[in-house]
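Here the structure comes first, spelled out in structure tokens, and everything after it is commentary.
Values in this text are rule-based calculations from the coordinates and carry no lab data. The shown structure was predicted, so the numbers you read here are calculated from the model rather than taken from an experiment. Quick reminder, even Gly has a Cβ in these numbers, built from the backbone with ideal geometry, and neighbours come from all protein chains shown.
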Amino acid sequence: MVALNHGVQLPDIKPQTPVAALDRSAWLSREEMFSIAEVAPLVGMAPTFIAKVLGRRGHLTVQDVLTLLDQDAFSETFLPRSKVLDYLTADREASAVDHQTTAAHLLIEGNVTEALDLLEPGSVQCVVTSTPYWGLRIYKDSKLVQWADGEECAYGHEQTPEGFVRHSVQILFQLRNVLAEDGSIWWNIMDSYNTRTQIRGNAAEALRAMQGKDSKSWADHAARRYSAGHSYLKDGELSMIPVQIAQRASRIGLFVKSLITWAKTSSMPEPQNSRVSRGSEFVIHLTKTRTPKFDREAYRRVTPALGGRNVGYESDKLADVWVLPTSSGKNGHGAQFPTALPGRCIALSTAPNDLVLDPFVGSGNSGVAARALGRRFIGIDVSPQYIGIAETAISSVPQSGFAAATNASTHQDLPMTGEL
Ligand SMILES: C[S@@+](CC[C@H](N)C(=O)[O-])C[C@H]1O[C@@H](n2cnc3c(N)ncnc32)[C@H](O)[C@@H]1O
């Protein structure tokens, strides 16, 4: 265990799957009613399929929801079966978060699940983000989050990869609400192996360890991850996190447009004798509709630094393998993506002055790209230090014409509904 800056205890990760089941007797006398639209993303079924199962449309009773939970077609999204009715009947309130503003961009310091409740439904044209990896990094200022599945942990520090998948899909469920009908979500994520390992602050620390330059013993590390005890994954097995997130995103009603491979021009060495090294990450492109706003020509039009074609590595055809460099990581954040990555996503799926959101803004590369491309931007991060780094980085980009055109000079011009 280690105390982080503001006292959060970050425990070791030791795979634990709760032994839990739905208690039907607790629900039999309840009389609440729900809409099909409300229930569909929680049971992982399309509204049309629910109508087929129940033989009618209209509102659903608690008994109807129990019937859906018994279907062979039921599939967990972000709530285990035993927690779906608790979630449907709970009162949820948004809470206030600290924030900083400057012209046409807004940075919110706070936990993502609370901060997203402050945004106006349907206001965001493009979400582009790279989330924490599961069980790989200790971020500064980690904060415990109370998740809908009952687990309380920092995001990325779940006891199992399944917990991380559920929490990622819970955030996607909230993002679906703030996304415009023709908007896009670009979700950058790398998989994790189920291995016994020390959890480190950044890639450079991990590299030093591989070179034998880590003098700390196993016990000296801030947090460790164990692999034994998982309900099915073997030691050393790939967890398959990105495809599970994509599959469940579809179950909550999003449209999986592409599973893009980001082929990195350089990557960490991995001294493994039993498998190939990893040189890629994924970008899951999710939308609300089959035909989102999409400007394919932007690939040829914008500069490579902002995601245009990486000449010499990429062909003229925009395909689902993106060959982009890794970030130099110079400004104090250990897990950055290169500006070209969010730049490409933003250029492809927005127009000037549209609103871009990064719920894990880190060092602010997505905001830098958004501002350079003339888009409005909201970034969220739990770390005050990263919010400061992002503010400096974004503010230093020469402002495009959009701010003057929209007179977006204060946060009131950005679509917030909650208390700030
Ligand atoms: C992979 S990094 C993002 C890096 C960013 N794309 C960049 O280029 O710098 C993930 C970020 O998520 C933030 N984070 C972790 N848990 C969070 C939470 N519950 N709410 C908001 N931000 C969180 C971390 O502080 C970290 O900066």
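Results, tabulated for the structure shown:
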| quantity | calculated |
| --- | --- |
| Shape call, the stretch 223-380: gyration tensor on alpha carbons, a/c limit 1.5 | prolate |
| Gained length - Ala305 relative to Ser29, 0.36 nm times residue gap less alpha-carbon distance | 93.3 nm |
| Distance histogram in 10 Å bins (all Cα pairs of the chain, percent per bin) | 4, 21, 31, 26, 14, 3, 0 |
| Sites Trp218 and Gln272, calculated FRET efficiency, Cβ-Cβ separation with R0 22 Å, nearest 0.05 | 0.65 |
| Lys, Arg +1 and Asp, Glu -1 on Cβ, resulting dipole of the stretch 24-89 about Cα centre, debye, nearest 20 | 120 debye |
| GluC sites (Glu not before Pro) within the stretch 109-170, DSSP loop, no more than 16 other Cβ atoms inside 10 Å | none |
| By average C-beta atoms within 10 angstrom, highest first, the peptides 361-367, 20-26 | 361-367, 20-26 |
| Local electrostatic count at Gln125 - Lys and Arg +1, Asp and Glu -1, tallied over other residues with Cβ under 11 Å | 0 |
| Computed Rg/Rh of the stretch 193-282, alpha carbon atoms with Kirkwood Rh | 1.02 |
| Relative exposure of Ile252, Ile284, judged by other C-beta atoms within 10 Å (fewest first) | Ile252, Ile284 |
| Cα centre as origin, Lys/Arg/Asp/Glu Cβ charges: the chain dipole, Debye | 1340 debye |
| Charge dipole (the stretch 24-89, unit charges on Cβ, about Cα centre) - positive-most of Ser29, Ala51, Leu66 | Ala51 |
| FRET efficiency estimate (nearest 0.05) - Cβ-Cβ, Thr392 to Glu297, R0 51 angstrom | 0.95 |
| Beta bridges per DSSP with both ends in the chain, % antiparallel, nearest 5 | 55 percent |
| Reduced Cα scattering model of the stretch 24-89, Debye log10 I(q)/I(0), q = 0.24, 0.28, 0.30 Å⁻¹ | -1.07, -1.50, -1.70 |
| Two-site FRET efficiency, Lys52 against Met240, from Cβ-Cβ distance with R₀ of 30 Å, rounded to 0.05 | 0.50 |
| Mean projected area in nm² (Cα convex hull; one quarter of hull surface) for the stretch 233-313 | 7.9 nm² |
